[in-house]
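Structure, as structure tokens:
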Amino acid sequence: MRSRLSNLHHFSPTAFLLLLLTGLPGISPPLLSAATSSIELSWPASQESYLGGYKIHRGTESGNYPESNTIDVGLLSPRTDGRIYATIQTLPYDGESPTFYFAITSYDDTRTVSSGFSNEVIWTPPEGATTDDATDSDNDGLSDKEETEIYGSNPLAADSDIDGIPDQQEVLFWGTPGWSGDVDGDGIINLLDNDSDNDGFSDGFELTSGSNAALAADIPALPPTIYADGETSDTAAWDIFDNDPAGALVTSGLFDEQRASHVVSLQTGFGPENGFRLRTEEGNNWDNSHQFFSQWSHLFSEDFLIYILIETSGGYRYLTYGPQTGDLLGTDIEIHHGLGPESANGAWHTYGRDLSSDLADAAPELQLLAVHAFLVRGNGKVDDIMLHQTMVYDLDSDNDGLSTEEEESLGTDQFNSDTDADGIGDKEEYDYWLPAGD
């Protein structure tokens with residue numbers, strides 16, 4: 001018998017083709033701007049699809065551009081003539097009219113591949129001119145001189161680390177010497193670190209959310225992320241990863257009378273032989289690294305399998321859920337958990353799972369890093385597929401009238417409406433043995 005995942009391809013969220021960036025075409029001679037402390041450079045925009053941005057290299061010797069004099073101007077947009085224009089601060093001078101040398105490089109969107117240097121252009125300030133220490137090219141409240149000589153920030157970008165906080169405000173937020181500290185020890189100072197505590201949220205997002213940008217354990221409260229709810233007919237986020245035998249169909253927006261809402265219908269005619277996958281509308285993995293508690297509702301009347309694709313410290317795994325009793329687990333790529341026979345009894349059920357705990361049941365040495373997709377083999381209906389930041393305890397997966405929290409407290413099975421198989425439902429038996437008021 002073939003594996004039920006035999007036609008399922010694994011999509012790594014970090015897989016991509018690196019295109020080597022070539023040297024940029026020639027840049028034009030510098031133009032003196034209104035202030036003699038800054039000049040304008042322009043060059044043809046790179047056509048590389050993986051372009052990440054540009055760097056302007058400055059020096060006072062031909063071909064010698066110290067790293068401290070380099071400005072990362074990021075991904076600038078070309079003007080209508082197809083050229084990039086950037087006005088930058090020159091290196092300080094005091095009227096002795098030194099000669100300045102400039103060159104441009106580009107880098108890819110992972111910042112791991114850079115082009116060679118463009119042609120070099122030369123500029124000599126007018127005799128007797130001096131730099132203006134008050135010039136603030138990006139209007140962020142810090143002068144270009146402060147940004148280049150004190151903070152190391154980008155004088156052409158008001159928010160050098162693109163974290164949602166303008167540079168001067170971020171200096172004030174961190175204070176002195178806090179701005180030059182390194183909370184997460186990654187070698188990038190707080191002022192220039194988009195995510196200073198390395199908790200996966202930018203500093204600006206944390207500030208607006210009320211969490212501490214300097215404390216990794218304090219993360220923002222996130223609303224549930226809903227990946228499918230059946231309320232529209234849009235099925236762009238779904239694909240059929242196994243259409244053998246042919247004929248599988250995904251329909252969204254179907255009204256279900258039993259649930260009294262619109263749902264997603266997965267039709268196969270061949271039971272679990274066909275497979276459906278839910279990712280993003282662009283066909284990408286979710287890459288959700290902050291919400292590890294899953295919730296979904298389903299209706300199946302026959303055998304089915306649900307897979308949740310996760311990324312762990314040991315590679316990719318599938319947390320698998322089916323109508324069997326007990327957890328089969330396993331140490332391979334699939335980790336099996338049972339939802340009980342009632343999960344395929346032709347009624348709607350809503351489930352909540354702690355994905356980190358489900359992983360630890362079989363592989364306690366692994367760490368859950370991200371959740372990527374929801375997959376189904378089977379003929380049935382699904383609705384309200386989502387991820388939460390914390391566990392949802394007010395669900396009633398077995399429809400016995402007791403919530404997950406109540407069943408955990410009582411020690412009953414949240415996936416079996418009659419835990420002790422005595423013919424009395426758990427809630428009915430609880431009410432019988434513990435009358436109201438006792």
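The values are calculated or read from the model by the stated rules, or taken from the named source; none is laboratory data. Quantities reported herein were computed from a predicted structural model and do not represent experimental measurements. Here Cβ is always computed from backbone atoms with ideal geometry, including for glycine, and neighbour counts include all displayed protein chains.
For segment 237-260, the tally of residues that are more than 28 Å from the chain's Cα centre (by Cα) and surrounded by fewer than 16 Cβ atoms within 10 Å (Cβ to Cβ) stands at 10. Applying the criterion of at least 1 residues that are at positive phi and in contact with a Ser or Thr (Cβ under 7 Å, 6 or more places away or on another chain) to the strands (runs of 3 or more DSSP E) found wholly in segment 213-325 leaves 249-256.
For segment 208-223, residues that are within 15 Å of the chain's Cα centre (by Cα) and β-branched (Val, Ile, Thr) total 1.
Which of the residues that make up segment 406-438 are surrounded by fewer than 12 Cβ atoms within 10 Å (Cβ to Cβ), assigned to a helix (DSSP H, G or I) and at pLDDT 70 or above? Listed by number, the residues that qualify are Ser409, Trp433.
Within segment 338-351, not a single residue is part of a helix (DSSP H, G or I), of a type in the set (Ser, Thr, Tyr) and within 26 Å of the chain's Cα centre (by Cα). When the residues of segment 287-311 are filtered to those that are over 27 Å from Thr325 (Cβ atoms) and either buried (at least 23 other Cβ atoms within 10 Å of the Cβ) or of a type in the set (Asp, Glu) (or both), the one that is farthest from the chain's Cα centre (by Cα) is Glu311. Is it the case that Thr176 is surrounded by fewer than 14 Cβ atoms within 10 Å (Cβ to Cβ), touching a Gly at 6+ places or on another chain (Cβ under 7 Å) and not basic (Lys, Arg)? Spelling it out, it is not the case that Thr176 is surrounded by fewer than 14 Cβ atoms within 10 Å (Cβ to Cβ), touching a Gly at 6+ places or on another chain (Cβ under 7 Å) and not basic (Lys, Arg). Only one of the numbered conditions (1) closer than 30 Å to Tyr316 by Cβ; (2) at pLDDT 50 or above is not met by Thr87, and that is (1). Under the condition of being over 21 Å from Gly59 (Cβ atoms) and either in contact with a Cys (Cβ under 9 Å, 6 or more places away or on another chain) or modelled with pLDDT under 85 (or both), the residues counted in segment 147-165 number 1. The numbered conditions (1) part of a helix (DSSP H, G or I); (2) under 22 Å from the mean Cα position of the chain (by Cα) are all true for Glu170 except (2).
Can you work out which of the residues in segment 221-236 that are buried (at least 17 other Cβ atoms within 10 Å of the Cβ) and of a type outside the set (D, E, K, R) is modelled with the lowest pLDDT? Applying the filter and picking the extreme gives Gly230. Name the single residue that is farthest from Glu40 (Cα to Cα) among those in segment 56-81 being outside any strand (DSSP E or B), among the small types (Gly, Ala, Ser) and modelled with pLDDT under 85. It comes out as Ser68. One residue stands out among those in segment 175-202 that are part of a helix (DSSP H, G or I) and touching a residue at least 40 places away in the same chain (Cβ under 8 Å): the one that is farthest from the chain's Cα centre (by Cα), which is Leu191.
Among residues belonging to segment 323-335 that are touching a Phe, Trp or Tyr at 6+ places or on another chain (Cβ under 8 Å) and more than 18 Å from Ala421 (Cβ to Cβ), point out the one that is surrounded by the most Cβ atoms within 10 Å (Cβ to Cβ). It comes out as Ile335. Report yes if some residue within segment 395-405 is modelled with pLDDT under 90, farther than 17 Å from Ser294 by Cα and buried (at least 20 other Cβ atoms within 10 Å of the Cβ); otherwise report no. Yes, the conditions are met somewhere in segment 395-405.
Condition check ((1) surrounded by fewer than 20 Cβ atoms within 10 Å (Cβ to Cβ); (2) of a type in the set (Val, Ile, Thr); (3) part of a loop (DSSP other than H, G, I, E, B); (4) over 24 Å from the mean Cα position of the chain (by Cα)) across all residues:
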| site | (1), (2), (3), (4) |
| --- | --- |
| Ile150 | yes, yes, no, yes |
| Ser160 | no, no, yes, no |
| Asp163 | no, no, yes, no |
| Glu206 | no, no, no, no |
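Within segment 42-83, being small (Gly, Ala, Ser) and closer than 24 Å to Phe100 by Cβ holds for Ser42, Ala45, Ser46, Gly53, Gly59, Ser62, Gly63, Ser68, Gly74.
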